[in-house]
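To keep things clear, I will list the structure first and then write my remarks on it.
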Amino acid sequence: MTMTGALVLTTVLSMTPAQGGGLRLTNDRITFGGEFGPVRPDNRFLPGDLFFLAFDIEGLTQDSQGRVEYLMGMVVTHDSSNKVIFESKPSPQSMILPLGAAKLPARAFVLLGLDLRGPCTCRVIVIDKATNASRTVEKKFLVLEPGFGIVAFRATYDREGQYPAPLLGIAGQSLWLQFGTVGFSRNPQTRQPHNQVEVRVFDAKGEPTTKDPLVYEIKSGVDEDANALDWRLPLPLNRPGDYRVELKAMDKVTNAPPYKISFSVRVFESVK
């Protein structure tokens, strides 16, 4: 996994119906763990991380068949320099909503380049084509100085990372934990990094579910120009319950303090 210094921006929409009451953007929040993740505890990110902005679109005009048409655009600015880092002009969106009127959850994400630092603002605009009404949602975030850590964490249903998943499921399903490690050192002789990730799961009582953590490592076969390591770890959901998963990443070349993240996972009983 090689990250350039450029900022990459993409928008992702997950849709359900919406109508009535005038155009509104509600429930805006910065999420953790991808587009279906919970609210992030803070707005601080390492270079190379993923910024996710989620919100609900309400009050779009529908036709008799449940079709909505709107435009969505985004601009990301660097607050200190007032420089526009990326701008995507509002582009047309159209969707038929056969399940009836409700909210339309929307999410946009920004992959932060390794050369980005300081305070930034992400601003999204939505325009209802039928009425020309427009609304905006805005969130500020801070890109920290570079350091060793876990970035771009998200859950998916597949190893390839094509199908985003929430941090929950039904017993018998599996999740894949997708993330990168950045800011690592290399062995001066071999020019290879040595990163290790431990995965430990705790039950609702706070007790570990296994005697020892699962241990994964990358210490060979890494390209000279790679500045991020790609991790894809399975998490089988074999029994119902509420769990806390902890990832602990270590740079074994420097033996610096480990970088930890933790998150909750809920597993429901299979449908009978």
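Do any strands (runs of 3 or more DSSP E) entirely within the stretch 96-208 hold 1 or more residues that are farther than 22 Å from F52 by Cβ and in the same structural domain as M72 (by TED's automatic domain parsing), and if so, which?
Per the criteria, 118-128, 134-143.
Give all pairs with beta carbons closer than 6 Å in which a residue from the stretch 77-92 that is farther than 30 Å from L60 by Cα and loosely packed, with under 13 Cβ neighbours inside 10 Å meets a residue that is modelled with pLDDT under 90 and hydrophobic (A, V, I, L, M, F, W, C); count only pairs at least 6 apart in sequence or on separate chains.
none
Restricting to the stretch 245-263, give me the number of residues that are assigned to a strand (DSSP E or B) and surrounded by 15 or more Cβ atoms within 10 Å (Cβ to Cβ).
10
For the stretch 168-198, which residues satisfy the criterion of being surrounded by fewer than 19 Cβ atoms within 10 Å (Cβ to Cβ), more than 21 Å from the chain's Cα centre (by Cα) and among the polar types (S, T, N, Q)?
S185, N187, Q189, T190, Q192, Q196
List the residue pairs whose Cβ atoms are under 9 Å apart, where the first residue sits in the stretch 204-217 and is on the phi > 0 side of the Ramachandran plot, the second is surrounded by 10 or more Cβ atoms within 10 Å (Cβ to Cβ), and the two are 6 or more positions apart or on different chains.
G206/R244
The values are calculated or read from the model by the stated rules, or taken from the named source; none is laboratory data. Since the structure is predicted, the reported quantities are computational estimates derived from the model, not experimental observations. Methodologically, a virtual Cβ is constructed for each residue, glycine included, from the backbone with ideal geometry; neighbour enumeration extends over all protein chains shown.
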